[in-house]
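Asker: Encoded as structure tokens, here's the structure I'll be asking about.
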Amino acid sequence: MSPPVSIPASKCYNIASIPADGIGPEVVEAAIVVLKQLSETLGSFTIDFKHYNWSSETYKKTGKYIPDGGLDELKKHDAILFGAVGAPDVPDHISLWGLRLAICQPFQQYANVRPTKVFKGTQSPLRNCKVGDLDWVIIRENSEGEYAGQGGRSHRGRAWESATEVSVFTRHGVERIMRFAFETAQKRPRKLLTLVTKSNAQRNGMVLWDEVAVIVAKDFPDVTVDKMLVDAMTCRMVLKPESLDTIVATNLHADILSDLAAALAGSIGIAPTSNLDPTRENPSMFEPIHGSAFDITGKGISNPVATFWTSAEMLAWLGEDDASKKLLDAVERVCEKGIVTADLGGKASTVEVTNAVVEEIKSSYGKAAKTA
Ligand SMILES: NC(=O)c1ccc[n+]([C@@H]2O[C@H](COP(=O)([O-])OP(=O)(O)OC[C@H]3O[C@@H](n4cnc5c(N)ncnc54)[C@H](O)[C@@H]3O)[C@@H](O)[C@H]2O)c1
């Protein structure tokens, strides 16, 4: 009698999907199609999605983006796949704080990870920047700093009205993001971290930021660190992209620098974001960097690559490193074939890019590929 064959139980991940507004539903739908194909083809994990229709439409109907008990519901999931929030008829600070930040902050997703690179088959607007010259990971502090939510307005509408927006830097908050950034740099081949600051002008919070970085650096002697003022950093990103690798910056600075990074890599339509709770007490949230893009909503031309890439980041976070790499490789091969949307200079629709990635997964990793 032959010994019993042990079949490893396939892991099943429960993902909450919140497509929300504008092109969010288009790109999240595309990512779900691709993730389901990957799971079916590889057979090493399954993935279940539960959809939440929290959006600006819900807000307009009910006065809330997240219903009572919504965060407890979300907490039951392994991760969250998010689209974008923002509608032309809702002020942006209401939509951002009502949905995205209302998840990031209570879930302590303090590390925001934003990788950027020039994909094969795509072009940087920088004349001399080739594939490999721009390959960065921006680590954004995601829980305090300029977006801590402190401040207020008084004497509304009067000539003497005043408003404050208080940046908050705590030793605990700075230390944990620095540690995360050093660990990220340490895992990358170049082991190079650039600390972005503005401590020449902002002499309290930013000086604490710099000081804590120096202390944390002592635990990472193999990581080379350099420091840049945020204004000079914009020049270095454009003029010497190859001199950068891992970058750590505050909530506001990294928010701005990462959009610049995305544009320098070819388009904001390819750039992903992970909002991580590194303690893993709460689910982490994965989304494209871009917003709702009202100007192209419903036209079928939104670039789904950023949401594919963030889905690959989500798989890696869940421990599916092989699947993550396979997904990103498949996406890059599709770009290399020139099947790209208009923002990358192509003519393909969202659905055409999605179908091409699905076919690429089947042909590269399916039965036919295994027997070839
Ligand atoms: N994380 C988020 O949910 C998030 C992020 C940024 C902006 N927003 C919100 O989105 C709304 C629009 O903001 P915005 O116009 O400043 O930024 P945006 O990212 O929505 O759009 C900027 C430009 O990039 C283009 N673009 C964005 N994503 C694209 C894609 N996938 N494919 C092709 N082109 C793409 C758009 O067409 C637009 O021309 C606002 O309400 C804003 O508050 C939300």
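Each reported figure results from applying straightforward, stated rules to the coordinates on display, with no laboratory input. Model, not experiment: these values are computed from the prediction. Glycine gets a Cβ as well: all are built from the backbone with ideal geometry, and neighbour counts include every protein chain shown.
Asker: So between His172 and Leu71, what do we pick up on full extension, going 0.36 nm a residue minus the alpha carbon distance?
Answerer: 33.9 nm
Asker: Once the cut-off is 25 Å, how many percent of the Cα-Cα pairs in segment 175-281 end up in the long-distance tail?
Answerer: Counting every Cα pair in segment 175-281, those more than 25 Å apart make up 19 percent.
Asker: Which aspartates and glutamates does Lys130 reach when only Cα atoms under 17 Å apart count, and residues fewer than 8 places away in its own chain are ignored?
Answerer: Glu242, Asp245, Glu332, Glu336
Asker: Using the crude model of +1 on Lys and Arg Cβ and -1 on Asp and Glu Cβ, and no other charge, please compute the dipole size for the chain relative to its Cα centre, in debye to 20.
Answerer: That gives a dipole near 360 debye.
Asker: Classify segment 90-216: rounded, prolate or oblate, from the alpha-carbon gyration tensor (a ≥ b ≥ c, eigenvalue square roots; a/c under 1.5 rounded; otherwise prolate if a/b is larger than b/c)?
Answerer: It is prolate, given that a/c is not under 1.5 and a/b is the larger ratio.
Asker: If you don't mind, there's one more thing I want to ask. Work out from phi, with θ = phi - 60° and the Karplus expression 6.51 cos²θ - 1.76 cosθ + 1.60, the ³J(HN,Hα) of each residue of segment 51-68, listed in order in whole Hz, and give x for Gly and Pro.
Answerer: For segment 51-68, the Karplus curve yields 9, 10, 8, 6, 6, 5, 4, 4, 4, 5, 7, 10, x, 9, 7, 10, x, 4 Hz.
Asker: Could you give the distance between the Cα centres of segment 160-194 and segment 213-265, to the whole Å?
Answerer: Using only Cα atoms, the two centres lie 11 Å from each other.
Asker: First measure r as the distance between the Cβ atoms of Arg158 and Leu229, then evaluate 1/(1 + (r/R0)^6) with R0 = 25 Å and state the FRET efficiency to the nearest 0.05.
Answerer: Computed FRET efficiency for Arg158 and Leu229 comes out at 0.10.
Asker: Calculate, in nm to one decimal, what Glu359 and Lys347 gain on full extension: separation in residues at 0.36 nm each, minus their alpha carbon distance.
Answerer: Extra length available between Glu359 and Lys347 comes to 2.5 nm.
Asker: Return the sequence-ordered ³J(HN,Hα) values of segment 351-362 in whole Hz as given by the Karplus equation 6.51 cos²θ - 1.76 cosθ + 1.60 applied to θ = phi - 60°, using x for Gly and Pro.
Answerer: Using θ = phi - 60°, the values come out as 5, 5, 5, 4, 4, 5, 5, 4, 5, 5, 5, 4 Hz.
Asker: Hey, any idea what Rg/Rh is for the chain, computing Rh the Kirkwood way over Cα pairs?
Answerer: 0.98
Asker: Also: Go through segment 109-115 residue by residue and turn each phi into a ³J(HN,Hα) via Karplus (6.51, -1.76, 1.60, θ = phi - 60°); whole Hz please, and just put x for glycine and proline.
Answerer: In residue order, the calculated couplings are 7, 7, 10, 9, 10, 10, x Hz.
Asker: Still on this structure, I have one more. Taking the Cα centroid of segment 72-126 and of segment 280-330, what is the distance between the two, rounded to the nearest whole Å?
Answerer: Answer, in whole Å: 10.
Asker: How long is the gain from Asp321 to Lys240 if the chain were fully straight, where each residue apart is worth 0.36 nm and the alpha carbon distance is subtracted?
Answerer: Going from the current span to full extension adds 26.1 nm.
Asker: Okay, moving on. What pairs in Lys75/Lys187; Lys36/Lys191; Lys50/Lys367; Lys198/Lys326; Lys299/Lys362; Lys75/Lys218 have C-alpha atoms more than 31 Å from each other?
Answerer: Lys36/Lys191; Lys198/Lys326; Lys75/Lys218
Asker: Asp295 versus Val33, label points 7 Å from Cα toward the beta carbon: distance in nm?
Answerer: 2.5 nm
Asker: Oh, and also: Take segment 242-372, compute every pairwise Cα distance, and split them into 5 Å bins from 0; I just need the percent in each bin.
Answerer: 2, 10, 16, 21, 20, 15, 10, 5, 1, 0, 0
Asker: Once the Cα atoms of helix 205-217 and of the chain are each reduced to a long axis, what angle between those two axes, in degrees from 0 to 90 to the nearest 10, is obtained?
Answerer: Value to nearest ten degrees: 50.
Asker: Looking at segment 37-99, which trypsin sites (Lys or Arg not before Pro) are DSSP coil and have at most 11 other C-beta atoms within 10 Å of their C-beta?
Answerer: Lys76
Asker: Projected onto the charge dipole of segment 5-157 (+1 at Lys/Arg Cβ, -1 at Asp/Glu Cβ, origin at the Cα centre), which of Gly149, Pro106, Leu35 gives the Cα projection farthest towards the positive end?
Answerer: In segment 5-157, that residue is Gly149.
Asker: What percent antiparallel are the DSSP beta bridges of the chain, to the nearest 5?
Answerer: That works out to approximately 40 percent antiparallel.
Asker: Using the alpha carbons of segment 146-237, what is the convex hull volume per residue in cubic angstrom, as a whole number?
Answerer: 127 Å³
Asker: Among DSSP beta bridges lying fully in segment 135-237, give the percent that are antiparallel, nearest 5.
Answerer: Just about 50 percent of them are antiparallel.
Asker: If you don't mind, there's one more thing I want to ask. Check each of the GluC sites (Glu not before Pro) in segment 136-226 and keep only those in coil by DSSP with at most 13 other C-beta atoms within 10 angstrom; list them in order.
Answerer: The qualifying sites are Glu161.
Asker: Turning to a different aspect of this structure: Can you give the FRET efficiency to the nearest 0.05 for Asn14 and Glu281, using r as the Cβ-Cβ distance and R₀ = 25 Å?
Answerer: Efficiency at R0 = 25 Å is approximately 0.90.
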